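Below is one structure, written out as structure tokens, with a few remarks after it.
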Amino acid sequence: MVRDAVSGAVLREVAAGIGIASNNVAEYRGLIAGLEAAADVGAREVDVRMDSLLVVNQMSQKWKIKHEAMRPLASQAAALVRGFSRVTFGHIPRELNKHADRLANEAMDAAARGLTWSPRTEEPASGAAAAADAPPRLGWSPPSGPPTTLLLLRHGETALSAEKRFSGRGDAVLTERGLAQARAAAARLSSYGDIAAVVSSPLRRAMQTASVVAESLGLDVAVDEGLVETDFGAWEGRTFAEVRANWPGEIQAWLDDQSVAPPGGESFTSTFARVVAARERLLASYPGVRVVVVSHVTPIKAVVREALGAPAQALYRMHLDPASLTTVDWYADGPAVLTGLNDVSHLPVAART
């Protein structure tokens with residue numbers, strides 16, 4: 001199933017019965033059919049989202065292809081990839097891939113009856129299904145309902161962020177200034193009066209910030225693992241200059257290609273995929289309300305990038321201060337709207353970086 005990255009409109013659906021075959025063969029056949037459909041509608045840049053961890057990791061060259069039967073299919077998929085200017089691969093859980101899953105089931109049901117699958121001809125869907133396939137709502141047209149507003153709060157300062165060092169999965173804690181920043185953010189958010197939930201990355205610096213905010217709002221902190229910072233691997237705790245001196249080739253490759261991971265770490269492509277899944281969980285769990293999301297630089301930038309339909313390189317065009325607030329409205333019937341970026345107006349001058 002091919003969607004427009006900005007509007008969300010479905011551009012093409014393809015499904016077919018393939019007889020008796022392994023799951024992995026079916027998954028590769030699905031990838032090939034999807035890439036062919038994307039090329040057919042004129043796409044140049046493609047973000048592939050699949051619930052097959054094997055195919056995603058093999059196509060991202062993280063896993064080796066061990067089964068000979070997979071090699072011709074992987075080669076066919078790779079040849080199609082070369083026909084685009086950019087292709088990224090990301091894994092999403094099956095429950096977030098229901099549209100494609102439905103097409104597969106329809107094709108298998110049709111094959112079992114001796115029929116060939118064809119697109120539905122039923123009346124237009126209503127509710128969430130219709131919203132997913134609707135044309136984008138333009139900025140000056142009235143919304144059909146209240147948005148889910150994500151109040152994206154970066155955690156307060158840590159010793160690593162103060163020294164501008166890579167800070168990924170290392171479990172740094174807030175400095176005294178970081179705690180003061182968290183309290184200032186909590187005071188501002190308390191003035192909103194209608195926040196429904198506080199959701200946080202599991203890392204301590206985020207949890208400390210979220211706990212201060214949640215206490216001021218009289219709420220509990222929910223945790224979503226998908227909001228965790230990118231894993232910077234061997235570069236954790238080092239400055240950019242130190243990494244440039246010790247890993248010159250690796251860091252240049254990392255800057256040039258978002259699918260490249262630091263040594264022992266995680267690529268931005270992988271981060272984007274899990275953040276999209278986390279964002280979708282948030283919208284499903286908290287429709288039409290305000291939610292404080294306490295996270296880190298890369299996941300917050302990833303949400304902004306998705307909201308704007310911007311290329312991956314946009315990651316390098318944004319700056320987020322500790323305890324800054326970024327706000328995105330997500331409407332059920334159209335694209336998201338960025339209403340604030342890196343807002344630090346709630347922080348005393350002495351608490352800013």
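Does Ala310 satisfy being in a loop (DSSP other than H, G, I, E, B), of a type in the set (A, V, I, L, M), free of Cβ contacts under 8 Å to residues at least 60 places away in the same chain and on the phi < 0 side of the Ramachandran plot?
yes
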| Looking at the stretch 318-343, which of the residues that are at pLDDT 95 or above and farther than 16 Å from Val304 by Cβ is surrounded by the fewest Cβ atoms within 10 Å (Cβ to Cβ)? | Pro322
| said: Step by step: first the residues of the stretch 52-64, then only those that are touching a strand residue (DSSP E or B) at 6+ places or on another chain (Cβ under 7 Å) and not hydroxyl-bearing (Ser, Thr, Tyr), then the one that is surrounded by the fewest Cβ atoms within 10 Å (Cβ to Cβ). Which residue is that? | reply: Leu53
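Tell me the residue from Leu308, Leu347, Leu283 that is in contact with a Phe, Trp or Tyr (Cβ under 9 Å, 6 or more places away or on another chain), modelled with pLDDT under 95 and of a type in the set (A, V, I, L, M), please.
Leu283
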| field | Count of residues meeting criterion [closer than 28 Å to Glu45 by Cβ and touching a strand residue (DSSP E or B) at 6+ places or on another chain (Cβ under 7 Å)] in the stretch 204-257 | value | 2
| query | Based on what the data block shows, is Ala69 over 19 Å from Val10 (Cβ atoms) and either crowded, with 20+ Cβ neighbours inside 10 Å or in the same structural domain as Glu13 (by TED's automatic domain parsing) (or both)? | reply | yes
| query | With respect to the numbered conditions (1) more than 21 Å from Ala196 (Cβ to Cβ); (2) crowded, with 19+ Cβ neighbours inside 10 Å, which one is the sole condition not fulfilled by Val293? | reply | (1)
| helices (runs of 4 or more DSSP H) wholly inside the stretch 200-298 containing at least 2 residues that are of a type outside the set (Gly, Ala, Ser), on the phi < 0 side of the Ramachandran plot and over 16 Å from the mean Cα position of the chain (by Cα) | 204-217, 240-246, 248-256
| remark: Selection over the stretch 40-61 where residues are among the basic types (Lys, Arg) and touching a residue at least 60 places away in the same chain (Cβ under 8 Å) yields a count of 1
| In the stretch 2-26, what count of residues is obtained for those that are under 22 Å from Val276 (Cβ atoms) and crowded, with 19+ Cβ neighbours inside 10 Å? | 1
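Identify, from the list Ala182, Ala187, the residue that is in the same structural domain as Ala261 (by TED's automatic domain parsing), under 14 Å from Ala323 (Cβ atoms), surrounded by fewer than 18 Cβ atoms within 10 Å (Cβ to Cβ) and touching a residue at least 40 places away in the same chain (Cβ under 8 Å).
Values: Ala182 fails: surrounded by fewer than 18 Cβ atoms within 10 Å (Cβ to Cβ).
On inspection, the qualifying residue turns out to be Ala187.
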| Residues of the stretch 144-180 being over 17 Å from His319 (Cα atoms) and in a helix (DSSP H, G or I), which ones? | Ala159, Glu176, Arg177, Gly178, Leu179, Ala180
| Can you tell me which residues in the stretch 190-207 are crowded, with 24+ Cβ neighbours inside 10 Å and hydroxyl-bearing (Ser, Thr, Tyr)? | Ser200, Ser201
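The values are calculated or read from the model by the stated rules, or taken from the named source; none is laboratory data. This is a predicted model, so every value here is computed, not measured. Cβ: placed from backbone, ideal geometry, glycine included. Neighbour counts: every protein chain shown.
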